[in-house]
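Comments concern the structure below.
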Amino acid sequence: MFDAPIPRDPVAHMAAGAGDVPVHYFSPAALDRRLASFGSGFPGLVTYAVKANPDEQVIARLCAGGMTAFDVASPEEIALVRRLCPGAALHYNNPVRSRGEIAAGLAAGVASWSVDCAGELDKLTDLLPQGAEIAVRFKLPVAGAAYDFGAKFGAEPEEAAELLAVVAARGYGPALTFHVGTQNTDPGAWETYLTAAADIARRAGVRPGRVNVGGGFPAARDGGAPDLAPFFAAIRRGAAAFDTSPALVCEPGRGLVADAFAYGVEVKSVRGSAIYLADGIYGGLSEFVSFALPRIRVVAPGGALRTAPPRPRTVWGPTCDSLDRIPGEVTLPGDLAEGDWLLFDGMGAYLNGVTTTFNGYGARRTVEVDRL
Ligand SMILES: *Cc1c(COP(=O)(O)O)cnc(C)c1O
């Protein structure tokens with residue numbers, strides 16, 4: 001007789017007594033699978049947007065899995081990647097940088113830089129040697145994304161054409177880049193952007209060496225992973241709009257890491273229809289201020305899932321601040337009780353790196369699991 005192997009998954013961990021501290025459950029196998037689908041399906045270079053999850057285990061795993069370039073936005077992220085994946089190329093794609101930050105990137109051997117206005121381009125060409133790749137970031141009115149990235153960065157197409165022409169005229173490697181907005185479920189967005197990119201290149205009279213189609217790829221956020229094939233097909237169709245054949249780059253964050261993690265948070269107290277959690281909007285649940293909730297399972301102390309008919313709850317975080325609440329009501333099983341755990345799926349992105357220690361909270365453990 002053999003004992004069946006104990007599955008290492010979040011529910012089993014909770015059943016064994018997870019303690020009080022919120023737990024970030026990481027499935028390296030899920031990350032590997034997602035990397036493999038980008039690697040086999042995307043028609044170009046796959047890089048990782050470090051800001052989505054700067055966890056060292058994630059960077060190291062992606063590096064071991066063959067990732068050769070990373071999208072970074074600050075000297076800190078540059079140092080992190082240099083330490084964990086020393087041979088990787090760095091794409092410094094925060095289009096606003098101080099001169100000191102540019103110098104730090106230059107010293108670290110950054111391979112590619114993005115830009116979205118004439119003033120920032122002047123700063124770059126003051127400091128960078130000719131030949132460096134400079135990608136002009138442009139924006140279009142977006143559709144399909146969970147929120148709009150174009151509100152902060154990106155030149156209008158006409159200005160982008162002018163910038164691209166200046167990049168080439170000053171002897172730098174011209175490239176184009178965009179971001180369709182995070183959690184974008186419309187593959188057509190990439191096709192629209194690529195068609196516009198081809199038009200910008202034509203207007204500038206420049207052949208971009210590369211086009212970076214950004215991140216924005218959706219995660220399932222329910223433990224599964226959405227099929228990326230329609231997105232890659234749309235990218236191929238869009239890239240066909242170029243007379244030339246620029247190399248393609250993508251830089252997924254959420255689409256690569258979100259479904260490799262789940263997040264477990266204890267219910268500290270139940271008061272009528274209100275519940276108080278061990279974490280809230282100043283911690284790992286910060287995205288839910290502006291972002292739809294993923295699938296949530298409720299795990300009772302022995303490991304059983306709560307299944308009673310749902311009822312709406314007010315969900316408070318642990319701090320003494322009344323803003324610390326998931327907006328609206330959250331529908332959860334009616335038999336939820338103190339000491340249960342909420343298990344949020346698809347929590348690999350925009351949790352690490354954006355949490356605070358407000359009011360003494362913010363501690364978190366990472367537990368590796370075989371499956372989520
Ligand atoms: C944040 C960011 C990404 C990743 O976006 P996701 O929506 O998480 O895929 C990619 N590129 C740039 C320049 C970014 O700022």
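Would you be able to tell me the number of residues in the stretch 198-246 that are open to solvent by 50 Å² or more (accessible area, probe 1.4 Å) and in a strand (DSSP E or B)?
Applying the first criterion (open to solvent by 50 Å² or more (accessible area, probe 1.4 Å)) to the stretch 198-246 yields 199, 202-203, 205, 207, 210, 222, 225, 227, 229-230, 236-237, 240, 243, 245.
Filter once more, keeping what is in a strand (DSSP E or B): 210.
Final tally of qualifying residues: 1.
Would you please list the contacts, defined by Cβ atoms under 8 Å and residues six or more apart or on different chains, that run from a residue in the stretch 268-290 that is touching a residue at least 60 places away in the same chain (Cβ under 8 Å) to a residue that is of a type in the set (Asp, Glu) and surrounded by fewer than 16 Cβ atoms within 10 Å (Cβ to Cβ)?
268/338; 269/338; 270/338; 278/20; 282/321
Give me a count of the residues in the stretch 126-151 that are open to solvent by less than 20 Å² (accessible area, probe 1.4 Å), at pLDDT 95 or above and not hydrophobic (A, V, I, L, M, F, W, C).
0
Those residues that are within 16 Å of the chain's Cα centre (by Cα) and either crowded, with 17+ Cβ neighbours inside 10 Å or free of Cβ contacts under 8 Å to residues at least 12 places away in the same chain (or both), I need them from the stretch 68-80; list them, please.
Hits for the stretch 68-80 are 69, 70, 71, 72, 73, 77.
Are any residues in the stretch 152-163 open to solvent by 60 Å² or more (accessible area, probe 1.4 Å) and either under 12 Å from residue 197 (Cα atoms) or at pLDDT 95 or above (or both), and if so, which ones?
Matches in the stretch 152-163: 156, 158, 159, 162.
Take the residues of the stretch 108-125 that are in contact with a Pro (Cβ under 9 Å, 6 or more places away or on another chain), farther than 22 Å from residue 55 by Cβ and among the hydrophobic types (A, V, I, L, M, F, W, C): which is most open to solvent (accessible area, probe 1.4 Å)?
Restricting to residues being in contact with a Pro (Cβ under 9 Å, 6 or more places away or on another chain), farther than 22 Å from residue 55 by Cβ and among the hydrophobic types (A, V, I, L, M, F, W, C), the top hit is 117.
Working only within the stretch 164-188, note down all residues that are within 16 Å of the ligand (Cβ to nearest atom) and open to solvent by 20 Å² or more (accessible area, probe 1.4 Å).
Passing the criteria: 179, 183, 185, 186, 187.
Where the second residue is more than 16 Å from the ligand (Cβ to nearest atom) and part of a helix (DSSP H, G or I) and the first is over 26 Å from residue 159 (Cα atoms) and lies in the stretch 200-227, which pairs have Cβ atoms under 9 Å and are six or more apart or on separate chains?
Partner pairs satisfying both residue conditions: 223/30; 225/30; 225/33.
Residues are listed down the side, and each one gets a yes or a no for (1) within 16 Å of the ligand (Cβ to nearest atom); (2) touching an Asp or Glu at 6+ places or on another chain (Cβ under 9 Å); (3) hydrophobic (A, V, I, L, M, F, W, C):
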| position | (1), (2), (3) |
| --- | --- |
| 13 | no, no, no |
| 20 | no, yes, no |
| 55 | yes, no, no |
| 81 | yes, no, yes |
| 94 | yes, yes, no |
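Condition check ((1) polar (S, T, N, Q); (2) closer than 30 Å to residue 360 by Cα; (3) surrounded by fewer than 17 Cβ atoms within 10 Å (Cβ to Cβ)) across all residues:
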position	(1), (2), (3)
13	no, yes, no
19	no, yes, yes
50	no, yes, no
91	no, no, no
100	no, no, yes
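Would you please name the residue that is least open to solvent (accessible area, probe 1.4 Å), looking only at residues in the stretch 287-325 that are in a loop (DSSP other than H, G, I, E, B) and of a type in the set (Lys, Arg)?
Among them, the one singled out is 306.
Which of the following residues is buried (at least 22 other Cβ atoms within 10 Å of the Cβ) and either in a helix (DSSP H, G or I) or away from the ligand (no atom under 15 Å from the Cβ) (or both): 257, 270, 249?
257
What number of residues within the stretch 52-63 satisfy the criterion of being over 17 Å from residue 354 (Cβ atoms) and buried (at least 24 other Cβ atoms within 10 Å of the Cβ)?
Looking only at that region, the number is 1.
The values are calculated or read from the model by the stated rules, or taken from the named source; none is laboratory data. The shown structure was predicted, so the numbers you read here are calculated from the model rather than taken from an experiment. Cβ atoms come from the backbone with ideal geometry, glycine included; neighbour counts cover every protein chain shown. When the accessible area is computed, the model is the full protein with side chains, heavy atoms only, and any ligands, DNA or RNA have been set aside. Shrake-Rupley method; radii C 1.70, N 1.55, O 1.52, S 1.80 Å.
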